[in-house]
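To start, the structure under review is shown below, and the notes come after it.
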Amino acid sequence: MSLRLLLLLALCGAGVTVAARSLSLRGSWRIRSGNGSLELPGEVPGCVHSALFQRNLIQDPYYRFNDLNYRWISLDNWTYSKEFKFPFDISKWQKVNLIFEGVDTVAEVLLNNVSIGKTNNMFQRYSFDITGVVKAVNSIELRFQSPVLYAAQQSRAHTLYRVPPNCPPSVQKGECHVNFIRKEQCSFSWDWGPAFPTQGIWKDVRIEAYNICHLNYFTFSPMYDTYAQEWNLEIESSFDVVSSKPVSGQVIVEIPKLQTQQAYSIELQPGKRIVELLVKINKNITVETWWPHGHGNQTGYNMTILFKLDKDLKIKKSAKVYFRTVELIEEPIEGSPGLSFYFKINGFPIFLKGSNWIPADSFQDRVTSELLWLLLQSVVDANMNTLRVWGGGIYERDEFYELCDELGIMVWQDFMFACALYPTDPGFMDSVTAEVAYQVRRLKSHPSIITWSGNNENEAALMMNWYNIDFRHMGTYIKDYVELYVKNIREVILAEDKSRPFITSSPTNGAKSIAEGWLSANPYDTNFGDIHFYDYGSDCWDWNVFPKARFASEYGYQSWPSFSTLEKVSTKEDWFYKSRFSLHRQHHENGNNEMLLQAGLHFKLPQSTDPLRAFKDTIYLTQVMQAQCVKTETEFYRRSRSEIVNGKGHTMGALYWQLNDIWQAPSWASLEYGGKWKMLHYFARHFFAPLLPVGFENQSVFFIYGVSDLRSDCNVTLTVRVHMWSSLEPLCSRATKPFVMKAGEAVLLYKEPVPELLRRCGNCTRQSCVVSFYLSTDSKLLSSANYHFLSSLKEAVGLQKAHITATISQQEDTFVFDLETSAVAPFVWLDVGSIPGRFSDNGFLMTEKTRVILFYPWKPTSKSELEQSFRVTSLTDIY
């Protein structure tokens, strides 16, 4: 077990710099195709696809089959150009740099027709010295090379041995050799996303001119002195000293609310210089720690750092300071082989509950601040505390991590390597070294990031031999794996940030993988580390299917997004389940059939002769199936946190795949493209609740566990009710005596053989009845009602078609839906089409005649708009 104690600081912007000038090159550029036949204006930050769409030269790239129709854009070599002049006398500055925060991806940069450098890594920051080239009036060009052609070229040049996979599965309709380019891996396609290999200047670009010296970057490295029980803060600043003489001065660090102020004398020699400061936090002041959502506040402290240097040069920075500790605990467990795998925050064991984050769009310039907030607010609204930033996407923008800090969302941060082997030639490795160093310096100040992970599934890909490597050559690939993730990435992280745990892969066996030379013979061993688990053929209602692992960091089931989401990118001829469009949009092999087969195990499939009605019913049913499957699996993981059964258990994390969508298509997501909640996300709000009763059967015995993520014990009563499908009145009800629900535990609360339960309630069979249960105290509800089906719903007896009506009223910015039903209604789904917002609950089992549901609009809307768009569906509508 290793202890890593963190003080983390989130950077807050630039402050004031004297003796330096900056010129932004954001805004309008010219974009030209390879042969010059097409020229148009384009915005920076942005990409070629967006520029073409904004000028009405192409349709929405997501419309119908445009991911194929517009592949020519990715295969061309585009040029970005701009003319600019300085609003100040550039000759008065000793040093002038051209800074690119992000170039996508392979380009030659020319200033005034002089080549000043090249880029080949989307995830690096590039700085070019243009002092000898810049003029009062300038022209700049970026000559891009097609990422698809570049990747193929790099693959062909790697002649010693193949580096698989060459191409994605044909069902993904993607491009090949993405592992040979340091670019968003899913931009060449994935099993939930399209191939849009973009080109462009995707982040900020500017020119910086300065005299004497300039602050290149500013970052923090926290230390905790366990002996002295005090926080120390290492501040690292990188300067470019252009003065011919040393530059002296003073640094003043202030954290007012912690009554901390310290001053240091420094002397900077000419050239690139690093200044490291050690700040001791005042021990006499109580420091409030940062806590994940649901466990406490996200307290931060304002800090300023002022560099007062020779010749009245002043550089001021501000930051947000957060305090928290993180430990990854891998230690023996009594009664179980292997080791634990869980995280402690501030010394407190925390069950990580949440999902996996993918890029919110193929085109990052479409991702607005509003969308980021909406998606991340939806995370905490569903009682999640963790997101895994998946390794096939991008390192997210600063704003993403700042929001996670503020909302209390822990981040498991992958490095951007996924489902592939990678080359290890010197050029590639040098590029990765620069990428990792830059990203760690940029991100390590955020308290939300609790661990670094080297890659997604590459340990498993190699050791389970996904790519059919000849065993005689396996040693070469193992050596490459260790070179890339251990001797390169890990070494950079240890040099830059010793304050967080690092794991080489996900899934991994953690300490066991390390002991086996960084690659475990079976990376899916449930007694170690984390696991990814998918099984679409087995019955997802049977909890015995699921692995009783230490930590489940990926699992899930597909569903289709709502019709209102699909409608925007399709046409009438596409609106049936076996249409060309439906098949084209599905990038997971046999995915559409798998959804129907899983749904068919417990539900009657839609039988409408109206193709549109059947399509909408099928969409609805896939969402019911997905929600119920992920509910069953997640509840299994949550109730396994405190027990060891047959040597298995002590599960301390459940991150389902996946949170969000990159386009409008079937996927594992619980949030549709644009942020609309699927049924699964409403279910997540319940199955991730801090206090949860979980019901399940084992050998015809019905059990209810109580699961608590609370920080303190509470006195509760469990109430168990049985309803007949044919009646809105409960058939029988039983309440336990009050008992103490222990904090941070999952314990057995109730046990009764099902035949006994049915006899006790009288006139009840498995097919005619359903069980519901909830936790309360002094008649006050502490948990939402959960339920357990005693049979498949396609075998349910007594279900009648429910006629559900809604009366809508408005209370300030919230709308109230007063629902009334004529019969018990499973999986009641309220829909308001494309009106953005969410309900207080949805997809619920309605066993009472009336129910009040709230609607929270994300944008201004009216009661009449809601009434026109409102539709309600339940399972009885499709039977």
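In percent, rounded to a whole number, the relative contact order of segment 411-543 is 29, using alpha-carbon pairs under 8 Å and six or more apart. Summed over the residues of the chain and divided among them, the accessible surface reaches 37 Å² per residue at a probe radius of 1.4 Å.
The angle separating the long axis of helix 398-407 from the principal Cα axis of greatest extent in the chain is about 40 degrees.
The relative contact order of the chain comes to 10 percent, based on Cα pairs under 8 Å that sit 6 or more residues apart. With one equal scatterer per alpha carbon and no solvent term, the Debye-computed log10 I(q)/I(0) for the chain at 0.07, 0.09 1/Å reads -0.60, -0.99.
Between Glu234 and Thr609, residue separation times 0.36 nm minus the direct Cα-Cα distance comes to 128.1 nm. Note on segment 743-839: percent of Cα-Cα distances in each 5 Å bin, starting at 0 and stopping at the bin with the largest distance, equals 2, 8, 13, 16, 17, 17, 12, 9, 5, 1.
When the Cα positions of Val242, Leu583, Thr651 are compared along the charge dipole of the chain, Val242 comes out farthest toward the positive end, with charges on each C-beta of Lys, Arg, Asp and Glu. With both residues required to sit in the chain, DSSP beta bridges show an antiparallel share near 85%. Helix 591-600 and the longest principal axis of the C-alpha atoms of the chain enclose an angle of approximately 20°. Heavy-atom accessible surface of Val287, to the nearest 10 Å², is about 40 Å², with a 1.4 Å probe and all protein chains retained. Loop-located trypsin sites (Lys or Arg not before Pro) in segment 779-865 (DSSP state other than H, G, I, E, B) with a sparse environment of at most 14 neighbouring Cβ atoms within 10 Å: Lys801, Lys849.
Taking every C-alpha pair closer than 8 Å and separated by at least 6 residues, the mean separation divided by the residue count of segment 281-378 gives a relative contact order of 16 percent. For the residues Met625, Met464, a 1.4 Å probe over the protein chains yields an accessible-area ranking, largest first, of Met464, Met625. In the chain, the calculated helix contribution to ellipticity at 222 nm averages -5500 deg cm²/dmol per residue, counting -39,500 (n - 2.57) for every DSSP H run with n ≥ 4.
Remark: accessible surface ordering of Cys732, Cys404 (largest first) is Cys732, Cys404, probe radius 1.4 Å. Could you sort out which of Lys118/Lys245; Lys444/Lys498; Lys95/Lys135 sit more than 21 Å apart by Cα distance in this structure? Listed pairs above 21 Å: Lys118/Lys245.
Extent along the principal axes, Cα only, for segment 564-707: 53, 33, 26 Å, with the longest axis given first.
Charge dipole (Cα centre; +1 on Lys/Arg Cβ, -1 on Asp/Glu Cβ; no other charges) of the chain amounts to roughly 680 debye. As a fraction of the 1.4 Å probe accessible area of the chain, surface on carbon and sulfur atoms comes out at 49 percent. Between Lys280 and Ile329, the FRET efficiency from the beta-carbon distance, with R0 = 35 Å, is close to 0.80. Remark: segment 636-745 carries a charge dipole of roughly 160 debye about the Cα centre, counting +1 on each Lys and Arg Cβ and -1 on each Asp and Glu Cβ. Placing unit charges on the Cβ atoms of the charged side chains and taking the dipole of the chain about its Cα centre, the candidate lying farthest along the positive direction among Ser792, Leu25, Phe53 is Leu25. With one equal scatterer per alpha carbon and no solvent term, the Debye-computed log10 I(q)/I(0) for segment 507-567 at 0.22, 0.27 1/Å reads -0.86, -1.06. Using the structure shown, list the pairs from Lys280/Lys320; Lys568/Lys616; Lys85/Lys308; Lys203/Lys308 with a Cα-Cα distance above 23 Å, or answer none. From Lys280/Lys320; Lys568/Lys616; Lys85/Lys308; Lys203/Lys308, over 23 Å: Lys85/Lys308; Lys203/Lys308. Protein-only accessible surface at a 1.4 angstrom probe places the residues Arg500, Arg871 in the order Arg871, Arg500, largest first.
The values are calculated or read from the model by the stated rules, or taken from the named source; none is laboratory data. All figures in this text were calculated on a predicted structure; none of them were measured in a lab. Because the Cβ atoms are built from the backbone with ideal geometry, glycine has one as well, and the counts that use them run over all protein chains shown. To get the accessible areas, we keep the full protein, side chains included, count just its heavy atoms, and leave off ligands, DNA and RNA. Shrake-Rupley method; radii C 1.70, N 1.55, O 1.52, S 1.80 Å.
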